[in-house]
Amino acid sequence: MDVERRHHNGGGRERHHGGGGDRHHGGGERHHGGGGRFHGRGRKRNFRERGDDDGDHDRRPRFKPRYEEPAASRLRRLILAIAEQPRDGAANEAQYIAKLLNENFEDDLTRKTFFDLVLQAVSEQPLKIPYVAAVILHANETNAEIGKEALERARVRAQFALDSGDWRGFKLVLRFFACLQPMLADDGVFPLLDEVFNRAVDLQTASQEDAVGLDLVKIILLTLPYLLANSPTTWAEKAAELLEKTDIVASAPHPLEPLVESYLGDEDQKPFGFRSFIGLLQKQLAKESENGWELTCLSRPYTDYKKQASEEATAEIPKHALPEITVPSPVNPGRRPVFPETYFSMYADTEIETVPRTDDIAASLIRDATVDTINLLDFNRVTTARFLMEIDCFWAAGTFAKRGTAFDKLKNDEGRTMWKSEDMAVDAIFSQLFALPIPEHKLVYYHAVVTECCKIAPAAVAPSLGRAIRFLFRNIDSMDMELEYRFMDWFAHHLSNFDFRWKWAEWIEDISRPDLHPKKAFLAGILDKEIRLSFAKRVRGTLPKEYHVLVPEGKDKDTPDFKYSSDDVPFAPEARQILDLLKKKAPDSDIQPIIDNIHAQASEAALSDPLVASTDAYMTAVLVIGSKSLSHLISGIERCRERLVSVGPASEAARRQIISSVVDYWRFRPGTAVGVVDKLLNYTILLPESVVLWALGPERLGKGEPLADAWLYEMVSGTLGKVATRVRQIRDALVNARVAGGMPDEQITKLEELLTQERGAMRALFGEVDDSVGGVARGVSEGMLENEADDAITRILRAWGARWARVFRRRAAVEETWVADEAIKAAIEARKMLEGAERRRAEEVAAEEEREEEERVKREEEESRKREEEEERVKRVKMDEGKVEGGEEVKVDMLDVAPDADMVDGS
Amino acid sequence: MLPRDRHTIDRLDKPSSYTTNKSRKRKHRDREGDEPKDRPSELEDKLRDATTLYVGNLSFYTTEEQIHELFAKCGEIKRLVMGLDRFQKTPCGFCFVEYYNHQDALDCMKYIGGTKLDERIIRTDLDEGFVEGRQYGRGKSGGQVRDEYREEYDPGRGGYGRAISDTMQEGYK
């Protein structure tokens, strides 16, 4: 019978156009077709028609055509696309989805997938939270169960986030609650905010350097606007009270601020000083509080719809208490050590307001949601870029100028400048690319996001990016050196994705500056990086001829010259012999006599360390056999490893000679030299101390000139990175052992000793770097005479010293937040809390699944029982009627009624 | 992530359909050949902590150093194996990059796959791990199969496909 009916319905295509309810929204074209998917008119007509139908159809259940998309997947599709189309439909859209949900709420699959999805969207797509919340608010009006269930699901998320120290996750669920405030009883979210604030105070009282407490307050402050958006007057007083309390925490300067500033130098020289994110936020909110919480940038899909439909916003909304959420005490600080956060911008507070001023709450709200989007979606950079390019969809109408509006055409009719969404997007990406001390993801992710944005909207993004690049280049001199390096690395990589095209002509003047000048050094560094990703001839071809001095002919050669080819170089014949033997893969015993020969001659010539001379000859020969590629080099090093490893212990000078030989051989390709040194460290042929002392020891450092070489920074930074990674690995092993338990005390003690030892070595190494570059910064390094102190060059050198010093001091401080005893203790506690939370959650899920399974089984039993009963009944009826064959009669009955009704609908 | 959660957006660090199909084919073969049933899941396991990537659509002229420069942005590289023409022993447009960490390989899929190296959009795929022999092209003439019958001219990959240029050669006689 069932099949019969369905077959019949499927046959009548007209059904699709008229008739009852949700059948009509099946097609995909509605979703994909441009704006105005949700014409209120069309829908209303449908519902009215269904009303008409109902009289005729009451007798039989509604059957869905076979080709119709199930409600569950349709809801998923709609929720995921919410607010993404041109914005005038967003308010209707939420209401429509709510209606669809209400109509299908009885369906288990729909209900289950819907709430999973909503909460996942809240955690992954922060820009959509207000819209998703609007759906719940609408649906709750008709069915209080929906509101209740949403709150319960959100509670589970919030609690798990709190317990596991996932502060961003907590922030987003809290925002969801805040957007649901209209359906919350009593004070709604406020008591929870108070609770969070109390924990922040605990943390702040415990330590002056606390940054977790700051983060909590930041979360509170970022929640307030969403809380007040829907009914500012109701909550203004409560908000003001809270703001008064947070002021003292938010406005106090943090002792670690100087370490994470983007620019150095005097306050008036900085293009953009340290702006505490939370400090700005507090001020912006105070301003909003005075202005009656206008919050002009926030979109309010729910209240907008209400106004539009002129319904009374607060009438008869089923209210729910905010579910109970326990803020653990002490809180779980999370896995990443937190530093105070700066608000970074390349466009803010300039004459033409292309992005919100830093005293406008829009600056923080839009930045926060955008940055979260970027960092949450690192697993799909294409989608991230799409969100960034469509960012204007998610904020109140009129917040942004039309996409792609040129910089000089931003003024609207009333003369007000409109914000440029591309500038906001680029600003947000660079705030992460330039996040100090370390961004959340690998830098290359942010490179990739910029690239994708450029692919999606080249004409709109390129001018914004161009202005950013010019701004950054203009301020290179005072930029933190690590940031300068990130800028260099990004710019070269970026250009390599776009045919190496840039308007180089505008920087020609900087080419004539002295090599030590930061701008000139930057240009040299960039071109070197471009060449590494490409080749010299190609890069030269993209540059005006003035730049060609920075791409000398030496860079064209695939393999460098062997300096010992010339007999003018001491020990040339011996070096050539060594090379021949290495090429022939002769045993090391054949090489020893030649080395001895060099040693004898060197002693005769009264060279202080004969091993230095022989090492240069030997190492250079190894480099020649490895010059074809890195693989060749590695196999060469592996063959000669024993001899090379034995050099160091015999003479530290000879060990450093290895580095000199590498850098000299690859002088036209410093990037390769850095790579080779890195490999030699892995083979313990070099030690980190040797690299640091070679790079920054008095012999080479002189007055500090080498500090302008980007590759030297790369080498030192990479070496210290290796050391730090090793210490962190030991630390992680220790933390794991402590958390898991079960490791014998003896082994733990060993780990602890190893940690103490390696950590000590790391600290000493950072100390070494600081002594050298700090000396240059203070102008007391060897080779700097006092009477030179005012000389322009000396000033530049001292600035280089200061920039290096700051980077490595910060690095040292960052490492301490991982491996200092206190940090490890805290990490162990945090991990235990996390594992507890995960365990509890897993148990909950298991219980939930068990319950669902039981319900499912019960339901199935119930259904099959009903089916059997029905069959029984039908059989009985047929028996009673006796003469007529049952099946046929039913069929006739259906044909009688259904088609006619449908035909009427459809026409 | 909580258990049971499903992303709202697809991930870019999944193995390609080529690799998963390979696994499926194997599954198929296993069933026919009565080999141990656990082999396909073995491959899935390998991919679960894969540290190696296959990198395709390279220019024949791209050097190890260039590859290194780009791929090291996702983490330290343990080994780099250039794909070679089986007969000429010259680069033929692909390579294997092996990292120390699985996460670095995933990040590479997410951040580097589909971007340019040496001005070509490169393709990355999670790989079960390099074994000797896989560095050679499997095409008839020694290079990669895809270069055998390619109809477009690609100066970075030896001009026209081998089939076309052979026909041309014949035609000149």
Residue in the stretch A:362-404 that is farthest from A:GLU290 (Cα to Cα), counting only those that are among the aromatic types (Phe, Trp, Tyr) and either within 14 Å of chain B (Cβ to nearest Cβ) or in a helix (DSSP H, G or I) (or both)
A:PHE379
Assess whether A:GLU124 counts as being open to solvent by less than 50 Å² (accessible area, probe 1.4 Å), within 14 Å of chain B (Cβ to nearest Cβ), out of contact with any strand residue (DSSP E or B) (no Cβ under 6 Å at 6 or more places or on another chain) and at pLDDT below 90.
no
If I ask for residues that are within 13 Å of the chain's Cα centre (by Cα) and in a loop (DSSP other than H, G, I, E, B), which ones from the stretch A:436-459 would you list?
A:ILE438, A:PRO439, A:GLU440, A:HIS441, A:LYS442
Suppose the filter is among the basic types (Lys, Arg), modelled with pLDDT of 95 or more, more than 24 Å from A:VAL622 (Cα to Cα) and loosely packed, with under 12 Cβ neighbours inside 10 Å; does A:ARG538 pass it?
no
Just wondering, is there one or more residues in the stretch B:130-142 that are more than 26 Å from A:LYS537 (Cα to Cα), of a type in the set (Lys, Arg) and modelled with pLDDT of 95 or more?
no
The stretch A:485-510, residues that are over 30 Å from the mean Cα position of the chain (by Cα) and open to solvent by less than 20 Å² (accessible area, probe 1.4 Å):
A:TRP504, A:TRP507, A:ASP510
Does the stretch A:219-242 contain any residue that is of a type in the set (Val, Ile, Thr), under 22 Å from the mean Cα position of the chain (by Cα), part of a helix (DSSP H, G or I) and modelled with pLDDT under 90?
no
The stretch A:454-484 - residue that is among the charged types (D, E, K, R) and open to solvent by 60 Å² or more (accessible area, probe 1.4 Å) and, of those, nearest to the other protein chains (Cβ to nearest Cβ):
A:LYS455
Which residue is nearest to the other protein chains (Cβ to nearest Cβ), if the candidates are limited to the stretch B:61-78 and must be within 26 Å of B:SER17 (Cβ to Cβ) and in contact (Cβ under 8 Å) with a residue 40 or more places away in the chain?
B:LEU70
Can you tell me which residues in the stretch A:872-891 are loosely packed, with under 11 Cβ neighbours inside 10 Å and either modelled with pLDDT of 85 or more or in a helix (DSSP H, G or I) (or both)?
A:GLU872, A:ARG873, A:ARG876, A:MET879, A:ASP880, A:GLU888
Kindly indicate which of A:GLU868, A:GLU835 is in a helix (DSSP H, G or I), in contact (Cβ under 8 Å) with a residue 40 or more places away in the chain and of a type in the set (Asp, Glu).
A:GLU835
Can you report the number of residues in the stretch A:737-754 which are open to solvent by 100 Å² or more (accessible area, probe 1.4 Å) and either touching a His at 6+ places or on another chain (Cβ under 7 Å) or within 22 Å of A:MET833 (Cβ to Cβ) (or both)?
1
Please verify whether A:GLU530 is open to solvent by 20 Å² or more (accessible area, probe 1.4 Å) and out of contact with any Gly (no Cβ under 6 Å at 6 or more places or on another chain), treating the condition exactly as stated.
no
Residues within the stretch A:187-211 that are among the charged types (D, E, K, R), outside any helix (DSSP H, G or I) and more than 16 Å from A:LEU174 (Cα to Cα), tallied
2
Across the stretch B:85-104, what is the total count of residues that are open to solvent by 40 Å² or more (accessible area, probe 1.4 Å), farther than 12 Å from B:THR52 by Cα and not basic (Lys, Arg)?
4
I'd like the residue in the stretch A:518-535 that is more than 12 Å from chain B (Cβ to nearest Cβ) and aliphatic (A, V, I, L, M) and, out of all such residues, is nearest to the chain's Cα centre (by Cα).
A:ILE526
Determine the pairs where a residue that is in contact (Cβ under 8 Å) with a residue 60 or more places away in the chain, located within the stretch A:540-569, has a partner that is open to solvent by less than 80 Å² (accessible area, probe 1.4 Å) with Cβ atoms under 6 Å apart, the partner being 6 or more residues away or on another chain.
A:LYS555/A:ALA536; A:THR559/A:SER627; A:PRO560/A:TYR665; A:PHE562/A:VAL624; A:LYS563/A:VAL569
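Here is a yes/no grid of residues against (1) surrounded by 13 or more Cβ atoms within 10 Å (Cβ to Cβ); (2) touching a helix residue (DSSP H, G or I) at 6+ places or on another chain (Cβ under 9 Å); (3) more than 14 Å from chain B (Cβ to nearest Cβ):
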| site | (1), (2), (3) |
| --- | --- |
| A:SER566 | no, yes, yes |
| A:PHE571 | yes, yes, yes |
| A:LYS583 | no, yes, yes |
| A:ILE591 | yes, yes, yes |
| A:ILE595 | yes, yes, yes |
| A:GLN601 | yes, yes, yes |
| A:VAL612 | yes, yes, yes |
| A:ILE634 | yes, yes, no |
| A:ARG643 | yes, yes, yes |
For the stretch A:340-361, does any single residue satisfy the condition of being more than 25 Å from A:ASN230 (Cα to Cα), assigned to a loop (DSSP other than H, G, I, E, B) and within 14 Å of chain B (Cβ to nearest Cβ)?
no
For the stretch A:818-831, how many residues meet the condition of being basic (Lys, Arg) and surrounded by 14 or more Cβ atoms within 10 Å (Cβ to Cβ)?
1
Selection from the stretch A:79-116 of residues that are in a helix (DSSP H, G or I), open to solvent by 10 Å² or more (accessible area, probe 1.4 Å) and within 28 Å of A:PHE160 (Cα to Cα)
A:LEU80, A:ASP108, A:LEU109, A:ARG111, A:LYS112, A:THR113, A:ASP116
Report, by residue number, each residue of the stretch A:725-735 that is open to solvent by 10 Å² or more (accessible area, probe 1.4 Å) and within 26 Å of the chain's Cα centre (by Cα).
A:THR725, A:ARG726, A:ARG728, A:GLN729, A:ARG731, A:ASP732
Just to check your reading of the model, which residue among A:ARG153, A:ARG199, A:ARG168 is within 14 Å of another protein chain (Cβ to nearest Cβ) and under 20 Å from A:GLU829 (Cα atoms)?
A:ARG168
Every residue from the stretch B:100-149 that is within 12 Å of chain A (Cβ to nearest Cβ) and of a type in the set (Phe, Trp, Tyr):
B:TYR100, B:TYR111
Selected residue (only one of A:GLU145, A:GLU149, A:GLU141, A:GLU195 is more than 24 Å from the chain's Cα centre (by Cα), more than 15 Å from A:PRO323 (Cα to Cα) and surrounded by fewer than 24 Cβ atoms within 10 Å (Cβ to Cβ))
A:GLU141
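The values are calculated or read from the model by the stated rules, or taken from the named source; none is laboratory data. All values derive from a computational prediction rather than experimental measurement. Positions of Cβ are generated from backbone atoms using ideal geometry, with glycine treated the same way; all protein chains shown enter the neighbour counts. Note: accessible area is taken over every heavy atom of the protein model, side chains too, but ligands, DNA and RNA are not part of it. Shrake-Rupley method; radii C 1.70, N 1.55, O 1.52, S 1.80 Å.
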